[in-house]
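To keep things clear, I will list the structure first and then write my remarks on it.
Where a number appears in this text, it was derived from the coordinates with a stated rule and is not lab data. Note that the coordinates shown come from a computational prediction; the quantities given were computed from them, not determined experimentally. Cβ placement follows ideal geometry from the backbone for every residue including glycine, while neighbour counts extend to all protein chains displayed.
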Amino acid sequence: MKQAGSSQESFSFKHRIQRGIRDLNKWTVFTVLILLFIAVPVITIFFKLFGGPGESWGHITNYLLVDYLKNSLYLSVLCTLITLVTGVVSAWLVTRFEFPFRTYLEWLLIIPLAIPGYIMAYAYAGFLDYGGIFSWLISPFGIENFKLDMMNVVGLSFVLGISLFPYVYVSARAFFLTQALNLLEASRLLGVSETKSFFKLIFPLSRPAIVAGLVLVLMEVLNDYGAAQYFGVNTFTTGIFRSWFSLEEPETAIYLSALLLSIVFVLIILEKYQRRKLQYTSPKSGRTSINHRIKLSFPRQLLLSFLVSLPVVLGFLIPVIQLLQWAVKTYTQVFNQDLLWLSLQSFGIAFVAACFTVLFALLLLYFSKWNKIYSVQSAAKLGVLGYAIPGAVVAIGIMIPTLSLDKTFIELGWASKFIINGTLIALVYAYVVRFLAVAYQPLESSSLKVNSSIPDSSKILGMGNFKTFFKIEFPLLKAGMLSAFILVFIDILKELPLTLILKPYHINTLAVKAYGYASDEMVMQASIPSLFIILTALIPVIILNKLLLKNG
Amino acid sequence: MNKLPLLLLIVLISFSCKENSEKKETANNKELNVYTHRHYDSDKALFELFEKQSGIKVNVINSKADELIQKMVLEGEQSPADVLITVDAGRLHMAKAKGLLQPVANKETIDSLVAPNLIDKDYHWVALTKRARVLVYAKDRVDPESLSTYEDLILPKWNDKLLFRSSSNIYNQSLMASIVANDGEDAAKKWAQGMVKNQARKPKGNDRDQVKAVAAGEGDIAIVNTYYIGKMLNSNDQSELEAVDKVAVYFPNQNDRGTHINVSGIGVAKHSPNAEAANQFIDFLLSEEAQSVFALSNYEYPVNTNVENSDVLKAWGDFKEDDLHLNLLGELNKKAVILFDEAGWK
């Protein structure tokens with residue numbers, strides 16, 4: 001028996017290898033190559049897990065870790081709830097109903113993302129502080145010297161949630177625009193009520209899209225440092241920086257980051273495993289005209305306008321009013337034409353890097369689809385993990401491999417100084433690594449909507465992978481690609497730690513400028529560069545939103 | 001319409017390539033690469049002044065000191081960094097311990113300008129500016145006679161009255177390190193525990209927020225760096241002016257070792273490609289001309305003994321500084337953080 005069992009095992013192992021070799025195609029090789037390119041920094045950090053932590057590990061587990069984990073968990077749950085409700089509800093209302101100001105609100109709902117988390121935190125703290133705008137607003141009611149203290153976990157969840165819900169909004173809306181309406185119509189024709197159709201049909205079907213947005217929210221919440229530090233909330237990321245900056249042990253910081261990576265990786269795999277058997281494709285290619293919006297009675301329309309503008313007021317209007325108030329006080333000191341040049345530079349870098357990021361996300365997604373080995377497909381998930389850990393740690397993961405490459409070039413005499421580090425190459429590479437997830441998630445969820453029978457028939461009829469892609473899948477993916485591009489572009493525009501440490505001397509961005517002031521407690525002076533970030537983000541958001549609607 | 005993004009892309013790529021080729025041309029000229037944690041507009045003006053005077057182009061990489069140090073470690077012998085500027089002595093000490101710095105060239109000049117406790121024993125770095133970590137109290141509720149030392153803040157009379165920021169803040173860590181150096185480890189831990197016991201709220205916000213909280217009555221005494229008060233006194237914001245008007249500055253420990261000071265400082269990178277320019281740069285930053293810019297625009301105390309303080313600082317009067325050697329602060333920084341954690345100072 002024993003012998004039989006072992007031969008069975010070796011057979012199955014041999015069988016698996018044989019099957020692997022049989023299924024190996026050029027796409028497998030390409031997938032692995034792209035994955036290596038993207039994931040080298042992440043893998044570099046991941047391997048530090050085996051190097052173990054530094055000597056302060058005992059101290060950290062004894063005094064800090066429990067508190068940090070508790071706060072991170074609390075924060076993750078609250079932010080998930082806030083972004084889920086805000087994102088899904090607002091996406092559904094703007095797709096399904098007609099009401100005043102809907103077309104403006106549609107793109108205004110994306111803009112909160114353009115305000116860096118720590119600036120949002122400062123703006124809210126200032127807004128609600130003693131002598132702030134809020135206390136001025138309520139002073140006519142006889143309430144003096146009022147301060148609403150939001151510098152705690154709940155306040156932090158609110159601030160992060162209100163600036164991150166657009167991730168859920170954008171990917172849910174892309175799904176609703178392309179897919180949901182014909183299904184809904186069928187359901188309504190069969191006599192199911194509007195509300196019931198939403199909860200029984202649309203909401204479950206949009207799960208991949210919503211999860212894609214939530215994964216991004218969670219990763220960003222986990223790696224936030226600026227806002228949490230200002231509010232005095234110690235999270236897992238606080239632990240990473242405390243071990244690095246205060247306990248003087250970069251190795252412990254990297255070890256903690258590797259732990260964080262593993263946790264997020266397991267979560268992503270679990271979610272994928274859980275929905276593995278579910279098919280999310282629709283038999284139709286899903287191009288619906290969006291003139292089907294329901295028109296309610298006028299008072300109800302106004303109610304909808306009010307509901308949908310709430311997140312815009314909280315995530316855009318209030319912080320922008322606060323920033324404007326500060327800007328008025330400091331513009332003589334801060335404003336000059338350099339800012340326009342900075343905006344142009346920031347725009348250019350974000351544009352180029354966002355193009356590369358979307359391109360690499362597409363390549364990774366489709367190469368791994370065309371490859372037939374399942375484990376390689378799962379491994380492709382490694383590529384998105386760069387988003388889960390703090391940018392400062394990603395920077396180390398970038399610098400270790402690129403610097404050794406640079407040094408090799410110098411030793412070989414091919415270069416006289418670093419040609420990757422300190423140039424745009426390293427910076428753009430870093431952005432691609434960091435923000436691949438932001439492009440990959442919406443792309444993956446919209447590619448799931450493309451019923452595989454269409455490309456399959458195309459291939460049976462003799463079209464190649466690329467031809468099929470450009471003729472059939474590409475047009476269907478456009479909405480997803482535009483969403484991905486908007487998100488990545490905004491993210492790069494406000495990105496900080498990577499830009500600071502990897503940027504060439506002659507390049508400067510608005511985010512760097514804003515941080516320069518904010519880090520020295522000159523929050524008011526930081527308002528003008530922050531407003532410029534928002535303005536720079538507005539242009540592509542408006543243009544791409546138009547394109548999105550046209551393609552939807 | 002479809003070709004527009006492509007066109008834009010091409011334009012932008014060529015625009016960034018142009019930038020790159022420009023950089024190569026200047027690379028042959030004299031350049032100085034500055035890795036700095038300080039990001040004040042006044043620093044930028046100083047760098048421009050140095051460029052004008054010396055003809056050396058200054059390139060700046062701005063980031064947190066720990067990230068800059070990590071970058072220098074990874075870059076190794078090929079590191080383009082010429083000088084490292086930090087906002088505390090602890091980071092310079094760490095950079096030195098990692099073998100990233102080299103001694104400055106003009107030791108005599110530095111000795112003649114700067115107090116000995118502000119210079120590394122092996123001349124690997126030197127302080128540029130000083131800030132005092134003082135007590136700020138509510139004028140209407142606290143009699144300055146009742147204040148004396150940092151150590152006395154743990155007396156029961158201040159229960160629920162103290163405001164200070166997180167122990168992640170380097171200025172608090174330096175203060176703690178000075179208490180470890182002066183009073184010993186056990187006493188320092190007891191002090192931190194007493195401070196936590198007397199805190200009016202959990203540590204949050206920055207130094208300015210502590211001052212605002214004193215003004216609003218959340219607590220009576222805050223621990224704050226002097227230059228933040230200088231900035232608040234000259235703020236464009238009415239509510240900050242009102243807040244700072246309600247408080248006053250107290251220099252503790254005047255009858256014993258003196259008030260704790262922390263510094264920002266500079267060192268020459270070990271593998272500096274242009275060490276000569278780096279030393280020239282340090283001499284410039286310590287010169288009376290540059291030091292008075294530090295003093296006037298940023299409300300810091302100049303380290304050059306020949307330079308006068310700004311009017312704001314003069315108004316607070318002279319005070320006795322703790323002349324503890326900065327090397328010691330660097331050595332004890334990690335110990336300070338561990339004691340903070342053990343005492344529960346968040």
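Summary of computed values
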{"quantity": "DSSP-defined antiparallel bridges as percent of all bridges, chain B, nearest 5", "calculated": "65 percent"}
{"quantity": "Rg over Rh [alpha-carbon atoms, Kirkwood Rh] for the range B:66-140", "calculated": "1.10"}
{"quantity": "Candidate lysines for bridging to A:Lys329, where Cα separation is under 18 Å - those fewer than 8 sequence places away on the same chain excluded", "calculated": "A:Lys513, B:Lys231"}
{"quantity": "Computed magnitude of the charge dipole of the protein assembly as shown (debye, nearest 20; Cβ of K, R +1, Cβ of D, E -1)", "calculated": "5580 debye"}
{"quantity": "Within the range B:199-223, backbone nitrogen closer than 19 Å to the virtual label 7 Å beyond the Cα of B:Ser146 toward Cβ", "calculated": "B:199-201, B:211, B:213-223"}
{"quantity": "At least 27 Å along the helix axis (C-alpha) and Kyte average at least -1.0, DSSP helices within chain A", "calculated": "A:26-51, A:65-96, A:153-175, A:250-274, A:338-370, A:391-411, A:424-448, A:474-494, A:523-551"}
{"quantity": "Peptide-level mean, for A:499-506, of C-beta atoms on other protein chains within 10 Å", "calculated": "6"}
{"quantity": "Reciprocal mean inverse distance between Cα atoms of the range B:89-218 - Kirkwood radius, Å", "calculated": "17.1 Å"}
{"quantity": "Among B:Val142, B:Val211, B:Val268, residue whose mean-square fluctuation peaks in a GNM of chain B (springs only between Cα atoms under 10 Å)", "calculated": "B:Val142"}
{"quantity": "Degrees separating the helix B:326-343 axis from the principal Cα axis of chain B, which is the longest one", "calculated": "60 degrees"}
{"quantity": "Charge dipole (chain B, unit charges on Cβ, about Cα centre) - positive-most of B:Asn298, B:Ala192, B:Gly230", "calculated": "B:Ala192"}
{"quantity": "Likely footprinting exposure, A:Cys355, A:Cys79, fewest C-beta neighbours within 10 Å first", "calculated": "A:Cys355, A:Cys79"}
{"quantity": "For B:Leu241, A:Leu500, B:Leu328, order by how many other beta-carbon atoms lie within 10 Å, fewest first", "calculated": "B:Leu241, B:Leu328, A:Leu500"}
{"quantity": "Helix B:288-298 vs. chain B, principal-axis angle (Cα, 0 to 90°, nearest 10)", "calculated": "60 degrees"}
{"quantity": "Stretchable slack from A:Phe470 to A:Phe101, in nm (0.36 nm times residue separation minus alpha-carbon distance)", "calculated": "129.2 nm"}
{"quantity": "Helix-derived mean residue ellipticity, 222 nm - over chain B, DSSP H n ≥ 4, -39500 (n - 2.57), to 500", "calculated": "-15000 deg cm²/dmol"}
{"quantity": "Solvent-free Debye scattering, log10 I(q)/I(0), computed from the Cα coordinates of the protein assembly as shown at q = 0.06, 0.10 Å⁻¹", "calculated": "-0.44, -1.17"}
{"quantity": "Spatial extent of the range A:1-128: Rg and Dmax, with the Cα atoms as the point set, Å", "calculated": "25.9, 76"}
{"quantity": "DSSP beta bridge pairing in the protein assembly as shown, given as percent antiparallel to the nearest 5", "calculated": "60 percent"}
{"quantity": "Whole-angstrom Cα spans of the range A:87-213 along principal axes, big to small", "calculated": "58, 31, 25"}
{"quantity": "Estimated 222 nm signal from helices in chain A, with DSSP H stretches of n ≥ 4 weighted -39500 (n - 2.57), rounded to 500", "calculated": "-23500 deg cm²/dmol"}
{"quantity": "Sites excluded, trypsin sites (Lys or Arg not before Pro) in DSSP loops with at most 16 other C-beta within 10 Å, longest stretch of chain A", "calculated": "A:1-274"}
{"quantity": "Dimensionless Rg over Rh [the range B:178-313; C-alpha; Kirkwood]", "calculated": "1.05"}
{"quantity": "Packing-based ranking, highest mean first, of B:109-119, B:125-135 given that Cβ atoms within 10 Å are counted", "calculated": "B:125-135, B:109-119"}
